[in-house]
Structure formats: structure tokens, C-alpha cells
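A quick write-up on the structure given underneath.
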Amino acid sequence: GQNIDQPTEMTATEGAIVQINCTYQTSGFNGLFWYQQHAGEAPTFLSYNVLDGLEEKGRFSSFLSRSKGYSYLLLKELQMKDSASYLCAVRGISGAGSYQLTFGKGTKLSVIP
Amino acid sequence: DAMVIQNPRYQVTQFGKPVTLSCSQTLNHNVMYWYQQKSSQAPKLLFHYYDKDFNNEADTPDNFQSRRPNTSFCFLDIRSPGLGDAAMYLCATSRERQETQYFGPGTRLLVL
């Protein structure tokens, strides 16, 4: 089975940096994804890590350590529009032997002035 | 623009009255997925199609069925909606199973 943990809520100040952590346990790890989801909307893809290390994409960076079952999403120069839920999702092998993406419950980030 | 489209965005149905949600994609992706997401919870995979090959998750209730008549379209049928089926239903696609999934805007289902 797969288990994903991430904090339920976080608050940060506009212009600051915030790090959202995700720990996971999975069978047959095959990649970790971060999605952003605004209230009432669909998740949108932010980043993908399959090898250890840091992936940078503009104001967003994602880090992965496979040996520790750990990832983080780093958001720099926070803007009010970054207020959203951030979902960590892990791709592993399901009981049926096919790839399966399992989502965490998401971290609700509130950016305050 | 290539995209994933879901209709309607909001659907109201009555307890026990069958309802169908639709999803279409212009990405020409092989895989289409249906997720259920309840408030403040993670999206939960109901089933997916790889081309015409249907894959049901073990814990998906029999009340939920799906059809994929062609590459572009996929439907979610809820045969007898209960109050507990009120949720956001998300359609997603990926080129292959091991590739990134892209989501449609979702259909929010309300059961009265």
C-alpha cells in the first residue's frame, strides 16, 4: 500500500519563502508529483521528481530523497495568488501490478499580507 | 489549446436518480482517469482506461460505472446516487500510465 503525509495547513507572508514537506511510504516508487489546487478547482501540475535532488521551475522548486521517503515543495517570493492547497502525489505499483498515483490530503497554504 | 474538458461543471441530481458526467480531451492521450474528491480530502481514483482496457479500483462501489466510446471521450455513470456520493469528480488524462496526469476542471455533484 501507499501512505502519504503532509501538514494540513500552513500560513506564510507575502514575499516570503515557504517549504511544504511530504513523507511517503510506497511500493515500487516511480515518481513524486506536486499539484496546486485552488478551492473548488481541479489540481494543476507543478513539478515531478523521480531522481534524488532539486528540480527548479521559476518560483517553485521540488526536492526528493528516495532513501528517506521525503520530498518538499519550496515556494519563493510568495504572492497572494499562491494561496491554495498543495497536493503531494506518489506513483507506485498497485496490487494489480499497474502504476497508480496516490494523493496526499493536501496542505492548505494561506498567504497573508 | 489542447485540454481536458468536463461537462457540466455543476450537476444536481436526486437521490437514486441515475446521472452521467462527461469528459473529453484533445490531447490524444491513451489513459483517462476518474477521481472522486470530497471536501478537504485527497482525490481518490475510481478507475481508469488505458485505450479501451478498463481498470477498476478494488474499492470502487458497483454503483459507479464508466464508458469510453473512443479516445476522446469518457463517461462516469452513477447508477443510483446516494447522499454520500456528493463530491467533486475529476477527470484526468496521461499519455502513458507512467506519465504526468493532467486534470479537467471537475464536475461538482450535488445529491438532493
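Summary of values
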quantity: Built amide H within the under 5 Å cut-off of A:GLY106, gap 5+; calculated: A:CYS88
quantity: Exercise: per-residue mean of other protein chain Cβ atoms within 10 Å, A:30-42; calculated: 3
quantity: Placed amide H near A:SER47: partners under 5 Å, 5+ positions off or other chain; calculated: A:TRP34
quantity: The stretch A:1-104 - Kirkwood radius from inverse mean 1/r over Cα pairs (Å); calculated: 14.1
quantity: Shielding score for B:98-107, defined as the mean number of other chain Cβ atoms within 10 Å; calculated: 5
quantity: The protein assembly as shown: projected area of the alpha-carbon convex hull, averaged over directions, in nm²; calculated: 12.3
quantity: Dimensionless Rg over Rh [chain B; C-alpha; Kirkwood]; calculated: 0.94
quantity: Within-13-Å neighbourhood charge of A:GLY28 [Cβ basis; K, R +1; D, E -1]; calculated: +3
quantity: Nearby lysines by direct alpha-carbon distance to A:LYS108 (threshold 17 angstrom, same-chain neighbours under 8 apart not counted); calculated: A:LYS76, A:LYS81, B:LYS38
quantity: Span from the the stretch B:49-112 Cα centroid across to the the stretch A:1-66 one, whole angstrom; calculated: 24
quantity: Total charge dipole magnitude, the protein assembly as shown, about the Cα centre, Cβ charges on Lys, Arg, Asp, Glu only, Debye to nearest 20; calculated: 260
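Since every read-out is calculated from the coordinates, none of them should be taken as a lab result. Fair warning: this is a prediction, and the values are worked out from it, not measured in the lab. We place every Cβ from the backbone using ideal geometry, glycine too, and count neighbours over all the protein chains shown.
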